[in-house]
Amino acid sequence: MIIETFFPREKLTNSDLEKLFPDWSGAKIEEKVGIKERHIAEESETALDLAIKASNQALRNFDKTRIDFVLLCTQSPDYLLPTSACILQDKLGLRTNIGALDFNLGCSGFIYGLALAKSLIKTELATNVLLVTSETYSKHLHPDDRSNRSIFGDAAAATIVSSTDIENILEFDLGTDGQGMDNLIIMNGGMRNKLDPSETNWVDESGNARSNNHLFMNGPEIFNFTIEKVPLVVENVLKKNNTTLNEIDYVIFHQANKYILNYLRMKMQIPKEKFYINMVSTGNTVSSTIPIALKDCRDQNLIKEGDRVLIVGFGVGYSWGGTILRIA
Amino acid sequence: MGGDNTENCISYKTMIMKNNDFFRELKEALEFEDVEFTEKTEFRKIDGYDSLHVMMIIAFVDSRFGKRLTARQLFNITDVRSLMELIGLENFEE
């Protein structure tokens with residue numbers, strides 16, 4: 001499985017945020033949330049642009065004529081239609097007799113993408129799937145929403161899943177609960193509620209500006225969702241693969257923020273040295289945190305051939321899922 | 001996994017907690033070194049109290065009492081006493 005990543009050049013550091021919000025502490029955010037800086041796409045740079053760059057990286061050493069399906073996970077499409085995956089096919093110069101589609105998921109997106117890629121290959125609809133996760137949440141945030149601006153970063157990851165990889169992608173556990181829709185939402189801009197330039201802003205009790213045209217996240221309720229669902233998905237994935245946490249070599253959860261991850265780790269009694277937490281220079285990059293982490297772990301030799309790595313994604317929807325990868 | 005090398009493993013304690021222990025542990029959980037917690041301490045009057053602290057209260061109550069509090073419930077609390085009422089006064093003693 002080839003994984004490559006791309007980050008926009010522009011960075012938003014904690015010092016930058018301190019200048020914008022004088023009563024905001026960068027040191028506190030770094031300590032609690034585990035983020036020092038995040039990459040931010042330029043005004044004219046879209047998730048599709050990031051997807052093209054990450055994909056070109058992944059295709060450097062892979063014959064692009066062998067790609068026969070494109071899956072693009074994004075919640076920041078260039079257009080309402082056509083789907084970004086079709087444009088990506090053209091921009092990458094891929095064959096035209098292949099499938100391509102976008103799917104709209106957030107932090108669970110990479111897990112769902114792997115599940116879809118594995119299914120496409122198993123059913124012989126594809127042999128080499130280009131799975132791209134690309135997000136520019138920065139464009140959805142209110143400029144005065146310091147909480148979310150301190151958490152989210154922009155990035156893309158391109159993963160090539162081939163028929164030889166799928167025996168190393170073990171059983172999945174997936175879940176959905178749309179009752180959580182209100183806790184992470186951009187209310188306006190779809191067909192239900194059109195974007196409203198006259199939309200009023202308000203300030204929440206933590207001093208963050210909000211509006212229905214921008215991303216709203218109920219952090220405490222999202223935290224409740226994660227502490228309820230993540231232990232369950234871990235238990236289910238282990239059961240479906242007839243294994244135990246003891247037999248897992250490394251654990252990578254969606255990099256939501258350091259506080260949430262540490263709490264989940266302690267709650268599930270996962271040893272620190274087998275648990276990945278690193279978003280200090282990227283922030284929470286939504287659907288790309290897991291492939292970014294996998295690449296980082298391989299580059300740093302934190303995981304090696306033969307290791308069994310438990311990966312779990314969870315977020316907007318609510319949507320969640322997990323599986324085990326055997327590192328080849 | 002699990003076992004001896006797990007740091008700060010969470011274990012639910014269902015025994016009744018003394019009020020003063022609760023105030024001390026709450027202070028530690030919220031990491032407000034300069035604030036003395038009593039029943040009358042009002043969360044929103046604490047300098048720097050924000051949504052991250054709401055999350056910390058959720059984690060503290062989940063880990064110490066095995067009880068899940070919603071963001072809406074926590075939005076309505078005022079002082080430490082109102083948090084104790086949410087957790088259930090039967091869990092506390094003088």
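Read-outs: derived from the displayed coordinates by stated rules, not from any lab. What you are looking at is a predicted structure, and each value in this text was computed from that prediction instead of being measured. Note that we place each Cβ from the backbone using ideal geometry, even for glycine, and neighbour counts take in every protein chain shown.
The Cα-based radius of gyration of the range B:17-94, divided by its Kirkwood radius, gives an Rg/Rh of 0.91. For A:Gly106, the amide hydrogen comes within under 5 Å of the amide hydrogens of A:Val316, counting only partners 5 or more places away or on other chains and with H modelled in the peptide plane.
For the range A:311-328, 3J(HN,Hα) computed residue by residue from phi via the Karplus equation (6.51, -1.76, 1.60; θ = phi - 60°) reads 10, 9, x, 7, x, 3, x, 5, 9, 8, x, x, 7, 10, 9, 9, 6, 9 Hz, glycine and proline entered as x. DSSP assigns beta bridges within chain A; of those with both partners inside it, close to 70 percent run antiparallel.
Rounded to whole numbers, the Karplus 3J(HN,Hα) couplings from phi for the range B:84-94 are 5, 5, 5, 5, x, 5, 5, 8, 10, 8, 5 Hz, using 6.51 cos²θ - 1.76 cosθ + 1.60 with θ = phi - 60°, and x at Gly and Pro.
Averaged over peptide B:73-80, the number of partner chain Cβ atoms lying within 10 Å of each residue's Cβ comes to 1.
Would you mind counting up the charge near B:Leu86? Only other residues with Cβ under 12 Å from its Cβ, with Lys and Arg at +1 and Asp and Glu at -1. The answer is +2. Under the combined filter of DSSP loop state and at most 12 neighbouring Cβ atoms within 10 Å, the range A:1-82 retains these trypsin sites (Lys or Arg not before Pro): A:Arg9, A:Arg60.
Shown here: chain A, whose C-alpha atoms stretch 52, 47, 36 Å along the first, second and third principal axes, sorted largest to smallest. Residues with beta-carbon under 15 Å from that of B:Leu52, excluding B:Leu52: net charge, scoring Lys, Arg +1 and Asp, Glu -1? Combined, the nearby Lys, Arg, Asp and Glu give -4. A convex hull fitted to the Cα coordinates of the range A:201-328 yields 118 cubic angstrom per residue.
Looking at the range A:1-110, the GluC sites (Glu not before Pro) that sit in a DSSP loop and have at most 14 other Cβ atoms within 10 Å of their own Cβ are A:Glu10, A:Glu42, A:Glu43.
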